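Below is one structure; the comments refer to it alone.
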Amino acid sequence: MNNEVRTVVIVGGGTAGWITAGILAAYQKKHCAKPLKVKLIESPNVATIGVGEGTWPTLRNTLKEMGIRETDFIRECQATFKQGAKFSKWCTGEEDDFYYHPLVLPTGYHNINLAPHWPSLAQSSSFSNAVCEQESLCELMRAPKNISTPEYQGIANYSYHLDAGKFATFLQKHCVTQLGVEHIQDDVIKVNNDDEEFISSLSTQQHGLLEGDLFIDCSGAKALLLSQHYQIPFNSCHDTLFCDRAIAAQVPYSDDNSPIASNTISTATSAGWIWEIGLQNRKGIGHVYSSQHTTEDQALSELQLYLGQEVNDLSSLDYKQISFDPGYREKLWHKNCVAIGMSAGFVEPLEASSIVLAEISAKMIAEQMPRCREVMPIIEKRFNQTFTYRWQRIIDFLKLHYALSQRTDSQFWLDNQDPNTSPESLNELLALWKYQPPWHDDFDRAVEVFPSASYQYVLYGMGFKSHPNHSGHSTSAAELAAYHFNKTRQSSQQLLNQLPCHRELINKIHQFGLQTV
Amino acid sequence: MEQIQLLDFQQHANLKISQDFGVQHGDNVSSIPVLVNELEKLVLDYPIFFIKDNETGQFGLHVLTGFYPEQNLYINNGLWNSIYLPLNISRQPFLLGKNDDNTANQTVPILINRQSSRINTHSGHAIFESDGRLSHYMEQVKIDLNRIFRGAPATQSFIQFVSQHGLIESVNLDIQFANGKSECFQGLYTANCHKINQLKETHILDGARNGYLAYMTLISASIGNVKKLLSVA
């Protein structure tokens, strides 16, 4: 066996870089007698972008596997609990227009598809209220667990909102002190190939040559290795997802005990949408918009109109402008180089897909780590197939939020509803779902970033109509469905009695901590 | 009248403490907080568990006395059916005050909870002899209070040790009642003695010297007493 993989070099120390380092090092530590060396080089001169603050429930297991205490993470990263997303003004744009995409699966989801029964049996409730408890928990700003619930376990499913800057620092400390990751603060000045055009080393400003066998590009949108060095082209999806700019602000709470929302709030605007994420000490609020459809000034004034409900002095806020090209690289893995994070691609943070993609990319590399160069092309092919598929599904799912809108108040919304701007794959699914609601077998992979349940929440949240089945439902099927709708109503009430306010739980975690068991 | 008073012969000379048990005294509880320095005695009668405080999520050490809220299976017709009575029961209605921080002799004042339904003037044990000395009964309570005084910080350190080193594990109590009904009780935790071997040597030594490892064994062994509870359930 020639060219054994012994050293992995990660370029970039933002969220993606440290998540990757942590996942690889923790996996090696757990499974191997002689773990691979994991090195992370980070430029002291490049600021991290650090606005990614929404996550998926996968992060719970990711942190646990790294050996991190949930209590420490919550205390040090300003983290709060996220139970889903509330989409306001996406369907009609009216003031009372909203729906939820919660994180729990519909009741009985492994047994029964409640979607076809909802119109006949439970349409007095919103779809998400009819099939799960989480909308009512979110509306009352409840926590998904109690102080006596062990770390990483939930009574309702949850992920986190976090301060991305603090999170990267927190992970860095853990990776370096607990997982043996070598941290090099230096600039990469040149990338060196060997005669097979594999990267053999990086020339650095002060540390000489940094050699490695596998190089992971977490250098952000500029993609130092995959794009600048290997010239891998970019697949833009701008003609599907129009948003390409963002203005972000940080808004303090009015006092230390202000209630904290238990979900992301996404409010549609004339040419994009505004995110609102509640951390412990502040909210992150920002406007994502399409530069084809509005100007920066207009986008800022729409953001300020929204912020006006929160803050008195709008001029006291710092506004951070971000510009991005939505899409992903044609290849995510090339030779012995693989991109994770914004170097791989980026789309608007509508469903918090950025951190979860970094997690599952790093996890796949950890589990399928090529032992030597001979097998590298095989893993490369697999990885590219898997993640090209994931990017396509994410783009489909994000576009779904726009394609189903009934808003006609701006060109942005009209353009979004034009089927020619939707991927063929999405149009096909929508044609299918007109007659039969989404169910487990609609997708190719055993593990999907967005399961069929997510599609159900968005479709029926946005008022999409699936025709009733002309064959009807058997009595036993209808009875089972009625049983589950009823059970959901009861358990919603029980959970409301049982679960504390979000802020109260966060305060208790600071005061007492959560137990590991 | 103040609820908590300093114990005083002048004021409390003719008070008696009734020695029966029941709902009237609030004894109908399904768990009782206990201390590490009574574990050796408790293990003869009670199943001992770590139970989380609902408000703080922190572990406390308890004996289980019933399966359902307000059920105390050790009480029967006003009597407590066990060889040993937990300190937190036997001390009642007395408690310890705080000594002023600069007193050298470390005496801690004894307080009496005047709201306790156990206090009366006609039945039970007297607190004082007629000459003002503590009664034999009260001398015994004083010993109990002293054991609580010494046991409380030791119990805290023990719980901290086992939590910190991951030596607590949850127990799912699957109970089949005599009437055929079965139920699974959650929220109970015991000591995981097998994990001791995974500790660093310094921690094992620390645990052995402080008696923590012995406490763990007692707690773990006490689970068998659930059968005793069940026999009267």
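Along segment A:408-417, what does the Karplus equation 6.51 cos²θ - 1.76 cosθ + 1.60 (θ = phi - 60°) give for ³J(HN,Hα), rounded to whole Hz, x for Gly and Pro?
Each residue of segment A:408-417 in turn: 10, 7, 8, 4, 3, 6, 5, 4, 5, 7 Hz.
Projected onto the charge dipole of segment B:4-230 (+1 at Lys/Arg Cβ, -1 at Asp/Glu Cβ, origin at the Cα centre), which of B:Leu145, B:Phe21, B:Leu205 gives the Cα projection farthest towards the positive end?
Projecting each Cα onto the dipole axis, the largest value belongs to B:Leu205.
In percent, how large is the relative contact order of chain A, given Cα pairs closer than 8 Å and 6 or more residues apart?
The normalised contact order for chain A reaches 24 percent.
Could you pull the Rg and Dmax for segment B:133-178, using just the Cα atoms, both in Å?
18.1, 51
Could you work out what % of the accessible surface of segment B:1-151 is carbon and sulfur, using a 1.4 angstrom probe and leaving DNA, RNA and ligands out of the count?
49
A drop of at least 20 square angstrom in accessible area, chain alone versus all protein chains together, probe 1.4 Å. Which residues of segment B:51-76 meet that?
Checking the loss per residue gives B:Lys52, B:Asn54, B:Glu55, B:Thr56, B:Gly57, B:Gln58, B:Phe59.
Rounded to whole Å and sorted largest first, what semi-axes of the equivalent ellipsoid does the C-alpha gyration tensor of segment B:4-230 yield via the square root of 5 times each eigenvalue?
Rounded to whole Å, the semi-axes are 33, 25, 13.
So if a site counts as exposed when it's one of the GluC sites (Glu not before Pro), its DSSP state isn't H, G, I, E or B, and it has at most 16 other Cβ atoms within 10 Å, what's the longest stretch of chain A without one?
A:331-517
Looking at chain B, which longest stretch skips every one of the trypsin sites (Lys or Arg not before Pro) that is in a DSSP loop with at most 12 other Cβ atoms within 10 Å, leaving the sites themselves out?
Longest gap between qualifying sites, sites excluded: B:1-97.
Keeping all protein chains in position, work out how much accessible area A:His510 exposes to a 1.4 Å probe, and write it in Å² to the nearest 10.
A:His510 exposes around 80 Å² with every protein chain in place.
Projected area of the protein assembly as shown, taken from the Cα convex hull and averaged over every viewing direction, in nm²?
42.1
In percent, what relative contact order does segment B:4-230 have, based on Cα pairs under 8 Å that are 6 or more apart in sequence?
Worked out over segment B:4-230, it gives 28 percent.
If you add up the charges near B:Asn88, with Lys and Arg at +1 and Asp and Glu at -1, over every other residue whose beta carbon is less than 12 angstrom from its beta carbon, what do you get?
Net of charged neighbours comes to -1.
If we count every other residue with Cβ under 15 angstrom of B:Asp27's Cβ, Lys/Arg +1 and Asp/Glu -1, where does the sum land?
Summing Lys and Arg as +1 and Asp and Glu as -1 gives 0.
Can you give me the Rg/Rh ratio for segment A:319-478, using Cα atoms for both radii and the Kirkwood formula for Rh?
Expressed as Rg/Rh, it is 1.04.
Residues of A:146-154, mean number of Cβ from any other protein chain within 10 Å of their own Cβ, rounded to a whole number?
Partner Cβ neighbours, averaged per residue: 3.
Kindly flag which residue pairs out of A:Lys30/A:Lys173; A:Lys29/A:Lys363; A:Lys34/A:Lys190; A:Lys39/B:Lys200; A:Lys82/A:Lys283 have an alpha-carbon separation exceeding 24 Å in this structure.
A:Lys34/A:Lys190; A:Lys39/B:Lys200
Whose amide H sits under 5 Å from the amide H of A:His183, counting only residues 5 or more places off or on another chain, with H placed in the peptide plane?
Sorted by chain and number, the residues that satisfy this are A:Leu40.
Return one quarter of the surface area of the convex hull spanned by the alpha-carbon atoms of segment A:1-107, equal to its mean projected area, in nm².
12.2
Run lengths n ≥ 4 of DSSP H only: what is the helix-derived mean residue ellipticity at 222 nm for the protein assembly as shown, with -39500 (n - 2.57) per run over all residues, to the nearest 500?
-10000 deg cm²/dmol
In a shell of Cβ-Cβ distance under 15 Å around A:Ser254, excluding A:Ser254 itself, what net charge do Lys and Arg (+1) and Asp and Glu (-1) give?
Around A:Ser254, the surrounding residues sum to -2.
Magnitude of the Cβ-charge dipole of chain A, K/R +1 and D/E -1, about the Cα centre, nearest 20 debye?
Here chain A has a charge dipole of around 1500 debye.
With only Lys, Arg, Asp and Glu charged, each at its Cβ (+1 for the first two, -1 for the last two), find how big the charge dipole of chain B is about the Cα centre; round to the nearest 20 debye.
Roughly 300 debye, rounded to the nearest 20.
In degrees, nearest 10, range 0 to 90: what is the angle between the Cα axis of helix A:424-433 and the longest Cα principal axis of chain A?
30
For segment B:178-233 and segment A:314-381, what is the separation of their C-alpha centers, rounded to whole Å?
Cα centroid to Cα centroid, the span is 47 Å.
For peptide A:109-120, compute the average count of partner chain beta-carbon atoms within 10 Å of each residue's beta-carbon.
For peptide A:109-120, the averaged partner shielding equals 0.
Given a Förster radius of 35 Å and the C-beta distance between B:Leu44 and A:His510 as r, what FRET efficiency does 1/(1 + (r/R0)^6) yield to the nearest 0.05?
Between B:Leu44 and A:His510 the formula returns 0.30.
If you take the accessible area of B alone plus A alone and subtract the pair, what total do you get in square angstrom, rounded to 100, with a 1.4 Å probe?
Protein heavy atoms only, the B-A interface buries about 800 Å².
Can you give me the Kirkwood hydrodynamic radius for segment A:412-517, using every pair of distinct Cα atoms, in Å to one decimal?
18.2
For segment A:401-450 and segment B:42-83, what is the centre-to-centre distance using only Cα atoms, to the nearest Å?
About 57 Å separates the Cα centre of segment A:401-450 from the one of segment B:42-83.
Using the alpha-carbon centroid of each, what span in Å lies between segment A:136-212 and segment A:472-493?
That distance is 43 Å.
For chain A, which span is the longest to avoid every loop-located (per DSSP) member of trypsin sites (Lys or Arg not before Pro) having at most 11 other Cβ atoms inside 10 Å?
The answer is A:1-444.
How would B:Phe49, B:Phe149 rank on accessible area, largest to smallest, probe 1.4 Å?
I get B:Phe149, B:Phe49, largest accessible area first.
Take the eigenvalues of the Cα gyration tensor for segment B:181-232, scale each by 5, and report the square roots as semi-axes in whole Å, largest first.
Each semi-axis is the square root of five times an eigenvalue, giving 30, 12, 7 Å.
Mind checking segment B:1-63 for GluC sites (Glu not before Pro) that DSSP puts in a loop (not H, G, I, E or B) and that have at most 14 other Cβ atoms within 10 Å?
For GluC sites (Glu not before Pro) across segment B:1-63 that sit outside H, G, I, E and B with at most 14 neighbouring Cβ atoms in 10 Å, the list reads B:Glu2, B:Glu55.
Among DSSP beta bridges lying fully in chain A, give the percent that are antiparallel, nearest 5.
Taking every DSSP beta bridge within chain A, about 70 percent pair in antiparallel fashion.
The values are calculated or read from the model by the stated rules, or taken from the named source; none is laboratory data. No experiment lies behind these values; they were computed from the predicted model shown. Please note: Cβ atoms are built from the backbone with ideal geometry, for glycine as well, and neighbour counts cover all protein chains shown. Heads up: the accessible areas ignore ligands, DNA and RNA and are worked out on the full protein's heavy atoms, side chains in. Shrake-Rupley method; radii C 1.70, N 1.55, O 1.52, S 1.80 Å.
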